[in-house]
1. Given a Förster radius of 41 Å and the C-beta distance between residue 155 and residue 48 as r, what FRET efficiency does 1/(1 + (r/R0)^6) yield to the nearest 0.05?
2. Mind ordering 362-371, 261-270 by average Cβ neighbours within 10 Å, highest first?
3. Please compute the net charge surrounding residue 303, taking Lys and Arg as +1 and Asp and Glu as -1 over other residues with Cβ under 12 Å from its Cβ.
4. What's the local net charge at residue 68, with K and R +1, D and E -1, over the other residues with C-beta under 13 Å away?
5. Using 0.36 nm per residue, how much length does the chain from residue 179 to residue 348 gain when fully extended, once their Cα-Cα distance is taken away?
6. If each residue of separation counts as 0.36 nm, what is the full-extension length gain between residue 248 and residue 193 once their alpha-carbon separation is subtracted?
7. Got the relative contact order for the stretch 292-421 handy, in percent, Cα pairs under 8 Å and 6 or more residues apart?
8. Report the local net charge at residue 350: Lys and Arg +1, Asp and Glu -1, summed over other residues whose C-beta lies under 12 Å from its C-beta.
Amino acid sequence: MVVTSLRWIEEAPATKPSSSPKAAVAGVRPRRSHTKSRNGCVMCKRRRKKCDESFPTCGQCQHTGARCEYPRGPRSQHDTPIVTDGRSQFTMTRQIARNELLRILRAAQRTTLPLNKLRADGVDTLHIIDHFLCERSPWIGSPESQEALQMHGIRLAVDSPHFLYAILAFSACHMGHLFGHGPFTRAAMHYYDNFLHLYSSQLAKVDVDNVTQLVGSCQLLTMLSYYVVGLDNPDADAFPREHECDWDAFRSLQGMGVLHNIPVLRAQLRQSVWATALQDFERLEDRGAQDVRYGFQRAWPTTITEALRTFCGDIYHETLDLLERVAHGKPTEKKLGRLVMFVAKLSNEVVDNMQRLDTQPLMIILYWHALMLQVGQWWIVATASGACQRLCEYLSTVIRPEEQELLRFPATVCQYSLESSMITPSPGRG
């Protein structure tokens with residue numbers, strides 16, 4: 001690969017092109033070599049300047065202070081020449097970025113790797129970083145989370161190897177999802193194993209100095225954990241009790257709540273790059289603000305809400321209030337922050353009762369999985385669909401006939417044939 005110069009180059013229209021030996025033919029005008037960028041940003045094309053295609057801000061726009069935007073549409077991974085330097089606002093060539101990332105990973109692993117190698121299972125690590133920075137479709141949770149992670153993730157990860165490994169694992173998983181499982185998935189598992197080792201050691205000493213990076217890792221871990229469940233449990237007909245890892249992954253979704261509920265850390269996070277993404281914590285506690293922001297559109301009729309309250313009883317009144325606030329609004333990526341926060345706010349008692357397969361909390365979490373499936377981001381679909389179908393199958397055998405209608409909404413969302421599964425339930429729920 002040809003390494004470009006670290007400096008960006010301004011196109012000078014008045015500059016004469018250099019002569020080429022092949023052009024030194026009498027009567028033939030030398031052809032000017034092509035110097036324009038075909039994948040440059042909108043501002044450089046408008047000003048007819050050479051764009052270095054740095055992401056998220058090119059050198060020209062950085063120099064002039066202009067807003068840097070690229071034309072919408074997929075960017076070829078091979079056309080992405082640089083990544084953002086984690087310790088400054090300047091850009092780096094691929095070779096400099098490669099050496100910097102290698103230094104971080106080598107220090108984290110405490111091993112010596114050749115300077116020209118930065119690969120996992122045949123996959124170029126820098127290729128995976130490029131994908132993380134440049135993929136523009138909705139794929140990293142809520143819009144607020146995706147913007148913060150892509151704009152600030154690499155900068156923060158330079159000083160936090162666990163965060164860098166989380167970024168690599170998540171990006172490689174997505175590439176495996178897009179391009180077929182194989183080298184990318186194996187690379188993702190390699191990064192994921194290293195991430196867990198480093199992440200667990202950091203959790204033992206959480207403070208204001210590392211909580212910003214830990215929240216970044218926690219967001220990616222939440223999505224990775226949910227995604228892996230769908231890969232591990234492809235059998236939609238199996239009962240929940242046959243998949244203990246469902247509950248391990250489910251509990252991992254509560255990590256954001258643990259970090260956010262410590263007052264000192266909460267104050268730090270309100271001033272961090274995650275401030276906008278974490279506002280849903282406060283809004284879920286403020287019913288009025290939640291309704292104003294997300295509207296009153298309901299995911300299911302009020303008659304279903306009343307039936308759920310009757311089914312679950314007073315013990316789950318607050319949990320159902322929380323679920324109803326989460327369900328407001330259209331099923332888009334904007335709802336993902338609230339959906340994850342819902343799990344983060346569940347008490348240990350409620351989660352323990354779910355794991356014991358009590359029907360009331362299982363009905364609540366069935367509706368939650370259905371809401372997740374309605375959003376349908378890539379890391380959600382397989383897990384949410386399988387969980388909905390297994391829970392519909394299980395609950396249809398243990399609840400009373402007059403309560404079967406409660407399964408209608410989630411069964412419709414996950415395309416589960418409710419009528420064919422309805423059999424005489426076991427006597428006596430409650």
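1. About 0.85, to the nearest 0.05.
2. 362-371, 261-270
3. After counting each charged neighbour, the total is +1.
4. That sum, taken over residues with Cβ under 13 Å, equals +2.
5. Full extension of this stretch gives 57.0 nm more.
6. My answer for the length gained is 18.2 nm.
7. After rounding, I find 23 percent.
8. Net charge in that neighbourhood comes out at -1.
None of the figures in this text is laboratory data; all of them are computed from the coordinates on show. The shown structure was predicted, so the numbers you read here are calculated from the model rather than taken from an experiment. Cβ coordinates were reconstructed from backbone atoms using ideal geometry, including for glycine residues, and neighbour counts include every protein chain displayed.
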